[in-house]
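Please read the structure below before turning to the comments.
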Amino acid sequence: MRQGVIRAICVSSARGTEKHEITQGRLVENWGLEGDAHGGDWHRQISLLSLARVEAFNA
């Protein structure tokens, strides 16, 4: 199994707005990250992005 490192946890209060980094978070079963606008009863409650993808977004 491949292992990874969590570099950042980021949330937003509303969809389509800039996310901000938090130092810790709470995952809620069948919801996602507590306090994040993308949490909810749907198919994609959290997104995991590779460092390469984040760097490409920021380029």
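The values are calculated or read from the model by the stated rules, or taken from the named source; none is laboratory data. Just so it is clear, the model here is predicted, and its values are computed rather than measured. Counting neighbours? That spans all protein chains shown, and the Cβs are built from the backbone with ideal geometry, glycine included.
The set of residues from region 27-53 being in a helix (DSSP H, G or I) and either touching a residue at least 24 places away in the same chain (Cβ under 8 Å) or within 18 Å of Arg15 (Cα to Cα) (or both) comprises just one member, Leu51.
Residues checked against (1) among the acidic types (Asp, Glu); (2) at pLDDT 90 or above; (3) more than 11 Å from the chain's Cα centre (by Cα):
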{"residue": "Ala8", "(1), (2), (3)": "no, yes, no"}
{"residue": "Val11", "(1), (2), (3)": "no, yes, no"}
{"residue": "Arg15", "(1), (2), (3)": "no, no, yes"}
{"residue": "Gly25", "(1), (2), (3)": "no, yes, no"}
{"residue": "Ala37", "(1), (2), (3)": "no, yes, no"}
{"residue": "Glu55", "(1), (2), (3)": "yes, yes, yes"}
{"residue": "Asn58", "(1), (2), (3)": "no, no, yes"}
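Counting only residues that are surrounded by 10 or more Cβ atoms within 10 Å (Cβ to Cβ) and within 18 Å of Val54 (Cβ to Cβ), region 21-33 holds 3 of them.
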